[in-house]
Amino acid sequence: MTASAPRIKEALAQHVRVSGESLIVELVDGRTVWASIRWYPRLVCAAPEERDKWRLIGRGEGIHWPDLDEDIRVDALLAGRGSAESRSSLSQWLKGRKRSV
């Protein structure tokens, strides 16, 4: 008799909060995941109003902040992967923000 492999359910977000220090993502399966916002420089640089303006993408597979042009995949968050954005890309983004303010 062979044992069947456990079925892995896809992790999907249902709610997001960003505090001064943490990104908090509630998943549909009841788990809550915390990560330091230092992993995501655009969230660090954002105003609280910008952090609060998010939407789920792909049925909850990811989170998008339109004002920040930031996307975070739930599977990357669970794997402990922070932003992969280069310093030069972040620098360009920050320069663009200063011009638009």
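In region 39-80, what residues are among the small types (Gly, Ala, Ser) and within 13 Å of Val18 (Cβ to Cβ)?
To start, the set of residues in region 39-80 that are among the small types (Gly, Ala, Ser) comprises 46-47, 58, 60, 62, 76, 79-80.
Scanning region 39-80 gives Ala46, Ala47.
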Item to check | Subset of region 12-24 [over 16 Å from Ser83 (Cα atoms) and assigned to a strand (DSSP E or B)] | outcome: Ala13, Gln14, His15, Val16, Arg17
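Within region 9-48, work out how many residues are of a type in the set (D, E, K, R) and within 22 Å of Ser91 (Cα to Cα).
Step one: list which residues in region 9-48 are of a type in the set (D, E, K, R), which gives 9-10, 17, 21, 26, 29, 31, 38, 42.
Still in the list and also within 22 Å of Ser91 (Cα to Cα): 21, 38, 42.
Adding up the residues that qualify gives 3.
Kindly establish whether Val16 is at pLDDT 95 or above and under 13 Å from the mean Cα position of the chain (by Cα). Steps first, answer last, please.
Values: at pLDDT 95 or above: yes; under 13 Å from the mean Cα position of the chain (by Cα): yes.
It is true that Val16 is at pLDDT 95 or above and under 13 Å from the mean Cα position of the chain (by Cα).
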Item to check | Lone unmet requirement of (1) of a type in the set (A, V, I, L, M, F, W, C); (2) surrounded by 14 or more Cβ atoms within 10 Å (Cβ to Cβ); (3) modelled with pLDDT under 95 for Val25 | outcome: (3)
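The values are calculated or read from the model by the stated rules, or taken from the named source; none is laboratory data. Here the structure is a predicted model, which means the values were calculated and not measured. We place every Cβ from the backbone using ideal geometry, glycine too, and count neighbours over all the protein chains shown.
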